[in-house]
Amino acid sequence: MNIVINKSLIFTLLIALLTMSCKKEIKEVRVASPDQSIRFALSLNTDGVPFYSVNKSGGELLSPSALGFDLKGTEDLKSGFFIQSMEESTFDETWNTAWGQFSSYRNHYNEVKITLKERSGTERALIITARVFDDGIGFRYEFPEQPNLDSVLILDELTEFQFTGDHKAWYTKADFDTYELKYNSTLLSEMESANTPFTLKTAEGVYISLHEANLTDYAGMSVKAKEGSPLTYEADLAPWPDGIKVKNKTPFKTPWRTLQITDNPADLITSGLLLNLNEPNKLDDVSWITPMKYVGIWWSLHQGVETWTMGPEHGATTENMKKHIDFAAKHNIKGVMAEGWNQGWENWGKANVFDFITPYADYDLKEVVAYANEKGVSLISHHETGGNVTSYESNLQKAFDQLEKFGIHALKTGYAGPIQPEGHVHHNQYMVRHYRRVLEVAAQHKVMINAHEPIKPTGIERTMPNMMTREGAQGMEWNGWSHDITPEHTLILPFTRILAGPMDYTPGIFDLKYESYDDKRRKWHPSRGDITDMRVKTTLAKQLALMVILYSPMQMAADMIDIYEAHPAFQFIEDLEVDYDHTLVLEAEIGQHLVIARRTRENWYIGGATGKHSKQLQIELDFLEKGKRYSARIYEDAPETDLDNNPGAYQILETEVDRTSVIHAILMESGGIAISLEPVK
């Protein structure tokens, strides 16, 4: 039998088979962290719905969770996809900070960029990019420019977070208008909704904090429990008045959805993941950006001892400001801030009451500026909008022109009221745009921003380092008219809200029961209720410790300066730096206790604090430089310190230490220890 071999046919068949192999669809995409401990996977189900999952060291943290969008005016973008392409890359750099808890951060991740495309219809594309770090992940959507998708109206972002266990959770309930809410500590199954960041602890001891990074021209995200799916949460975006969540044009990118994942709570605090997911510094000159401690006319207002409005008890007067400037110059305090300096406070709640430039008659702005300059003190101005964004934007340019004219480089903003235009909320896209516009105008005029009633921090301070600090949680002021601030509160903040960025909590209160001025206190707002039994629920030593623990590059020593005068404990605040080269978390348990050490040049500052239970600490100093001895000044709870009856008792010890030394201390209920360490010359 003769066999004829058609070589040409065989060659053609081989090419066809090879082409079919090359066109084989990608079914799943995986990417791991540089150390291989954390893995992100994306796949499609039979309907072409994208799902992602996350695991750590082989244990699943998020089981397959859906991705996608409901859109208005066009087909939803959530199914019918295939994976058109994928691009993998690795990135590793070290970048220097303008200021911060560290002088530099390493930015090291593996990335995959996945292009999804619809099989039929308009064949639209959606890109999902995931970056996996050794301490967590970030993923985001990208709407590329394309013929069949120009304007995008997002009704809902469908991102899910399907957790695999009923973890311990620390969170505040979701609210589109405020983050100033009491923290809950429950099982995850009891969490109906949450602002971000919120933090979880698994039964295996893994810590997870969920948040977002680089929130730019998009709505702020909270999460809500998915009905009928236990332990599953859905992204919930703050809406425009018409119910649409995001209005944009292609091309654009969403914020990163982030999961910081660590084996202990300490590593959450030192993580640079959120900053690394933001763009590099875009300001050419940052020489005018100066971290500082500050005092001001503020706590007296919340205590009802002085008033925002002009009258016999007006706080922001020329004379009072000069007194504060003198105090600051004497005690190594760089800044002084005053609320209530400008006209309009007597008409609070009415429309267009502030012009942000006209001082009260008893506040000579020009004279105050000249006096501060003479003393080498920086003024921190204040723009309270009452939530009237329309009015503020119409006055924005002239208000910042005035700051530049007087050489004022720092500003506290406030939005304490319902947002105008009516129907908007503090955390929607309209307000995200507004907060960014204020920040950009501030940068043009070389002004640093401390924002109150803000949009939450998402790491934008890397890109715009004039965004110094902000509120965004219940701060010290709540102790003036609320019982919400428990001993645990300030030991939950570092593992939740402050993971997102610096917080202007305003610690440093020495008169913890308001005994020096109790007869002068008065209720200044009808909503504040009974103020007679209010107090700060810490010891004095814990207030010192919080100056270190609650990080802010603009850190307020918040008590009235008369309380500080001639007070030996104020020496710690006077010595303290607020811009650090390195940070170590020495002990940490969320809500229970925390010890943090921070270094500026050769000097170290340590803050340790407890929640509702006392604790014996042994602080090992093995992080100190080898061969050097240090002068240690220790401010700590005294044996007679008692939270209820004697919270102001403390003791100061002075000694020499080196890296072999161990400092022993007993911290009382809601107690503290603060230590300054300086090399012996």
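The values are calculated or read from the model by the stated rules, or taken from the named source; none is laboratory data. For clarity, every value in this text was computed on a predicted model and none was experimentally measured. Note that we place each Cβ from the backbone using ideal geometry, even for glycine, and neighbour counts take in every protein chain shown.
Of all residues in segment 312-325, none satisfies being in contact (Cβ under 8 Å) with a residue 60 or more places away in the chain, of a type in the set (Asp, Glu) and not in a helix (DSSP H, G or I). Just need a number here: residues in segment 111-126 that are within 13 Å of Ile83 (Cα to Cα) and either among the hydrophobic types (A, V, I, L, M, F, W, C) or assigned to a loop (DSSP other than H, G, I, E, B) (or both). Counting residues in segment 111-126 that are within 13 Å of Ile83 (Cα to Cα) and either among the hydrophobic types (A, V, I, L, M, F, W, C) or assigned to a loop (DSSP other than H, G, I, E, B) (or both) gives 8. With respect to Asn332, determine if the residue is among the polar types (S, T, N, Q) and either in contact (Cβ under 8 Å) with a residue 60 or more places away in the chain or part of a strand (DSSP E or B) (or both). It is true that Asn332 is among the polar types (S, T, N, Q) and either in contact (Cβ under 8 Å) with a residue 60 or more places away in the chain or part of a strand (DSSP E or B) (or both). Here the condition is being within 12 Å of the chain's Cα centre (by Cα) and either in a loop (DSSP other than H, G, I, E, B) or modelled with pLDDT of 95 or more (or both); of Ile408, Ile455, it holds for Ile455 alone.
Residues of segment 365-385 that are in contact with a strand residue (DSSP E or B) (Cβ under 8 Å, 6 or more places away or on another chain) and either surrounded by fewer than 17 Cβ atoms within 10 Å (Cβ to Cβ) or not polar (S, T, N, Q) (or both): Leu365, Val368, Val369, Ala372, Val377, Leu379, Ile380, His382, His383, Glu384.
Within segment 224-233, the set of residues being surrounded by fewer than 23 Cβ atoms within 10 Å (Cβ to Cβ) and within 23 Å of Thr262 (Cα to Cα) comprises Leu231, Thr232. Exactly one residue among Asn276, Asn332, Asn352 is polar (S, T, N, Q) and closer than 24 Å to Phe572 by Cα, and that residue is Asn332. Restricting attention to segment 40-88 and to residues that are part of a strand (DSSP E or B) and without any contact (Cβ under 8 Å) to a residue 24 or more places away in the chain, the residue that is surrounded by the fewest Cβ atoms within 10 Å (Cβ to Cβ) turns out to be Ser43. Among the numbered conditions (1) more than 24 Å from the chain's Cα centre (by Cα); (2) of a type outside the set (A, V, I, L, M); (3) in a strand (DSSP E or B), the only one that His108 does not meet is (1). Only strands (runs of 3 or more DSSP E) whose full extent lies in segment 509-626 are considered here, and the ones with at least 2 residues that are more than 20 Å from the chain's Cα centre (by Cα) are 582-589, 593-600, 603-610, 615-620. Remark: pairs (first residue in segment 127-155, assigned to a loop (DSSP other than H, G, I, E, B); second residue of a type in the set (D, E, K, R) and modelled with pLDDT of 95 or more; Cβ separation under 8 Å; 6+ apart in sequence or on different chains) = Asp134/Asp35; Asp135/Asp267; Asn148/Glu123; Asn148/Arg124; Asp150/Lys249. Among all positions in segment 612-631, there is no residue which is modelled with pLDDT of 95 or more, touching a helix residue (DSSP H, G or I) at 6+ places or on another chain (Cβ under 8 Å) and surrounded by 15 or more Cβ atoms within 10 Å (Cβ to Cβ).
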